[in-house]
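A short worksheet on the structure shown next.
No lab work stands behind these numbers, since they all come straight from the coordinates. Bear in mind that the values here come from a model prediction, so they are computed numbers and not experimental data. Glycine also receives a Cβ, built like all others from the backbone with ideal geometry; neighbour counts cover every protein chain displayed.
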Amino acid sequence: MTTIDLLLRAVDREGQAAVARATGYSASAISQAVRGSYGGRLERLLYRVAEVYGDGTVRCPVMGEIPLRRCAEEQRKPAAASSPQRLRLSRACRECRHRRA
């Protein structure tokens, strides 16, 4: 299943407003992506859709095989000197190909 299919299914199941809230995009951005007229960086929107609705996994050098949504959650967390794993993750995430801009 492609990421655009994930988006279409999510919109059919939950509605555009709910998908917009879940992904952090506006309802109009979701509508435009569904219609194929989104003027922004579609790959970023679709990556976010995959994070929220997908069941894909990534190979993390620190945590091993993890769900893509867990990878995204870990990237959003700040580095913490009190946690050796957080420090390793903050270093590894900077070089990772799954890193979000």
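With the condition kept exactly as written, say whether any residue in the range 36-50 is closer than 30 Å to residue 87 by Cα, in contact with an Asp or Glu (Cβ under 9 Å, 6 or more places away or on another chain) and either surrounded by fewer than 15 Cβ atoms within 10 Å (Cβ to Cβ) or not β-branched (Val, Ile, Thr) (or both). Let's see the steps before the verdict.
Of all residues in the range 36-50, those closer than 30 Å to residue 87 by Cα come to 43-50.
Of the ones still in play, those that are also in contact with an Asp or Glu (Cβ under 9 Å, 6 or more places away or on another chain) are none.
Within the range 36-50 (the criterion being closer than 30 Å to residue 87 by Cα, in contact with an Asp or Glu (Cβ under 9 Å, 6 or more places away or on another chain) and either surrounded by fewer than 15 Cβ atoms within 10 Å (Cβ to Cβ) or not β-branched (Val, Ile, Thr) (or both)), the answer is no, since none of the residues qualifies.
Give the range 20-60 a look and list any residue that's over 12 Å from the mean Cα position of the chain (by Cα), more than 19 Å from residue 90 (Cα to Cα) and in contact (Cβ under 8 Å) with a residue 24 or more places away in the chain, or say none. The answer is 33, 34. Against the definition (under 27 Å from residue 12 (Cα atoms) and part of a helix (DSSP H, G or I)), how does residue 86 come out, yes or no? So residue 86 fails the test. Against the numbered list (1) in contact with a Leu (Cβ under 7 Å, 6 or more places away or on another chain); (2) within 27 Å of residue 96 (Cα to Cα), residue 34 comes up short only at (2).
Quick one: which residue in 50, 33, 79 is touching a Ser or Thr at 6+ places or on another chain (Cβ under 6 Å) and under 16 Å from residue 10 (Cβ atoms)? If you could, list the steps in order and put the result at the bottom.
Working: 33 fails: touching a Ser or Thr at 6+ places or on another chain (Cβ under 6 Å); 79 fails: under 16 Å from residue 10 (Cβ atoms).
From the options 50, 33, 79, the qualifying one is 50.
Number of residues in the range 61-101 that are of a type in the set (Lys, Arg) and either touching a helix residue (DSSP H, G or I) at 6+ places or on another chain (Cβ under 6 Å) or in contact (Cβ under 8 Å) with a residue 40 or more places away in the chain (or both): the value is 3. Only one of the listed residues (92, 79, 72) is part of a loop (DSSP other than H, G, I, E, B), hydrophobic (A, V, I, L, M, F, W, C) and surrounded by 12 or more Cβ atoms within 10 Å (Cβ to Cβ). That residue is 79.
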